[in-house]
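Notes follow once the structure below has been shown.
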There are 2 protein chains.
Amino acid sequence: MDTHYISKITSFYHAHKRMPTYSEIAALLGFRSKNAVYKLVQKLVDEGIVDKDKSGRLLPRRLESELPLLGLVKAGFPSPAEEELRDSMNLEDFLIEKKESSYLLEVDGDSMIDAHIAKGDLVIAERSEKASDGDIVIAEVDGEWTMKYFRDRGGKVWLEPANKQYKPIYPTEGLRIAAIVKGVIRKY
Amino acid sequence: MDTHYISKITSFYHAHKRMPTYSEIAALLGFRSKNAVYKLVQKLVDEGIVDKDKSGRLLPRRLESELPLLGLVKAGFPSPAEEELRDSMNLEDFLIEKKESSYLLEVDGDSMIDAHIAKGDLVIAERSEKASDGDIVIAEVDGEWTMKYFRDRGGKVWLEPANKQYKPIYPTEGLRIAAIVKGVIRKY
DNA sequence: AGTATAGGTGAACAATCGTTCACCTGTCAA
DNA sequence: TTGACAGGTGAACGATTGTTCACCTATACT
């Protein structure tokens, strides 16, 4: 169908970081009239693939940067035909709630290895001075920065590594929490 | 400085999924003249925060969806002042090389736990029928789908779990590889 | 006091935007 | 054979685009 048109528009969007104008789509698809594009766009809007401004400009929707989410590994593997039906999601929106106060940190050391956070991984940290029991936090304790589990049992707080080789840290003079770890990403 | 302006423009970009026009920026920042915006934009371009089309339209650059990358956890924690200097990156571009052939899978089971891929994690899988020794693959072997290490020693291939409780799988009749795992993401 | 200079106003410019119109094909069904 | 219709052309529309101009402040520095 027009899946070929969509992929061309998607390419443009990713290359130029904005949606094409009607003239540009015409050039892209080989149309000589903007009206041909206009009618095509109407259909794409009806299908929920793109959106329109109130001023008519195109906005990405399905094609933005979403990845198909195909289900559990163990549950079997969907055929290409099934894929259309499944959910899809935007990585960025999924991982990061507060863009302004989030940042990435590269992990060094193995103190959180039992939580399956390994050296070389990137963690998504969200600035916060408060944490709840069980959170993984980036904190400064006694002048040094580390990533540990935050423990709070009835007001008594300490930091606990996820590695039996290390001991919990009971802060002597103040514990400064800088951020809470909200996610982990790893690339092969 | 103009960091306040930038955050307003960033908000618009994330809310509307496109960059604002000059008139819209004027309304956004309380300017009554587009020329004030024009001069402001020139500075932002010089600072490398936004880009311009050849037709003058604004393009996102720094503010797109990039997260600051602040260095190693262990190496200490940068002060807010230092943050400006550090690198930044786009999660989507970083994790996914081939958008068209990538998809997400939720992990079930613990057969890759020693590779620090746990139940509930999402893996980024890239469609491929070939794999190299050491790759983590999604494969169908003897009618069942699993995620395992792919082993290839001189033409003899098998699948190896990252969990001592499970045994390697030596495919009897054909091994069908569907995808190679390119990344792992986990959300707390 | 004088004078640069950064930063804002307001009006105008050609160019391009999305939209609409009438019109011209093919294709398919009745 | 006829009619309906999806899909394309080409020209025109008002609106809005980015840009440029002359001009008006304040503030800061000789």
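The values are calculated or read from the model by the stated rules, or taken from the named source; none is laboratory data. What you see is a predicted model; the values in this text were computed from it and never measured. Quick reminder, even Gly has a Cβ in these numbers, built from the backbone with ideal geometry, and neighbours come from all protein chains shown. The protein model used for the area step is the full one, side chains on, heavy atoms only, and it has no ligands, DNA or RNA in it. Shrake-Rupley method; radii C 1.70, N 1.55, O 1.52, S 1.80 Å.
All but one of (1) at pLDDT below 85; (2) touching a Leu at 6+ places or on another chain (Cβ under 9 Å); (3) within 28 Å of A:S23 (Cα to Cα) hold for B:V37; which doesn't?
So B:V37 meets the others, but not (1).
Can you pull out the residues in segment A:132-144 that are open to solvent by less than 20 Å² (accessible area, probe 1.4 Å) and either at the interface with chain B (Cβ under 7 Å from one of its Cβ atoms) or at pLDDT 85 or above (or both)?
Taking segment A:132-144 as the starting set, the residues that turn out to be open to solvent by less than 20 Å² (accessible area, probe 1.4 Å) are A:136-139, A:141.
Of everything in segment A:132-144, those that are open to solvent by less than 20 Å² (accessible area, probe 1.4 Å) and either at the interface with chain B (Cβ under 7 Å from one of its Cβ atoms) or at pLDDT 85 or above (or both) turn out to be A:I136, A:V137, A:I138.
Of these, B:S7, B:S11, B:S23, which one is within 12 Å of another protein chain (Cβ to nearest Cβ) and within 17 Å of A:L59 (Cβ to Cβ)? Step through it out loud before you land on a result.
Working: B:S7 fails: within 17 Å of A:L59 (Cβ to Cβ); B:S23 fails: within 17 Å of A:L59 (Cβ to Cβ).
Only one candidate qualifies: B:S11.
Quick check on this structure: which one of A:L159, A:L122 is within 30 Å of B:Y5 (Cβ to Cβ) and buried (at least 20 other Cβ atoms within 10 Å of the Cβ)? Don't jump to the end; show me each part of the working.
Details: A:L159 fails: within 30 Å of B:Y5 (Cβ to Cβ).
After ruling out the rest, the residue left standing is A:L122.
What residue, among those in segment B:18-55 that are hydroxyl-bearing (S, T, Y) and surrounded by fewer than 13 Cβ atoms within 10 Å (Cβ to Cβ), is nearest to DNA strand D (Cβ to nearest atom)? Break it down stepwise before answering.
Of all residues in segment B:18-55, those hydroxyl-bearing (S, T, Y) come to B:21-23, B:33, B:38, B:55.
Add one more test, that the residue is surrounded by fewer than 13 Cβ atoms within 10 Å (Cβ to Cβ), and what stays is B:23, B:33, B:55.
Working: B:S23: 4, B:S33: 7, B:S55: 6 Å.
If we take residues in segment B:18-55 being hydroxyl-bearing (S, T, Y) and surrounded by fewer than 13 Cβ atoms within 10 Å (Cβ to Cβ), then B:S23 is nearest to DNA strand D (Cβ to nearest atom).
Output the strands (runs of 3 or more DSSP E) that fall wholly within segment B:117-179 and possess 2 or more residues being of a type in the set (A, V, I, L, M, F, W, C) and closer than 28 Å to A:M112 by Cβ, or say none.
Numbers: elements: B:122-127, B:136-141, B:144-153, B:156-160.
Where strands (runs of 3 or more DSSP E) fall fully within segment B:117-179 and carry at least 2 residues being of a type in the set (A, V, I, L, M, F, W, C) and closer than 28 Å to A:M112 by Cβ, they are B:122-127, B:136-141, B:144-153.
Any residue in segment B:106-117 that is touching a Leu at 6+ places or on another chain (Cβ under 9 Å) and among the hydroxyl-bearing types (S, T, Y)?
First, the residues of segment B:106-117 that are touching a Leu at 6+ places or on another chain (Cβ under 9 Å): B:106-109.
Within this subset, residues satisfying the condition of being among the hydroxyl-bearing types (S, T, Y) are none.
No, that holds for no residue.
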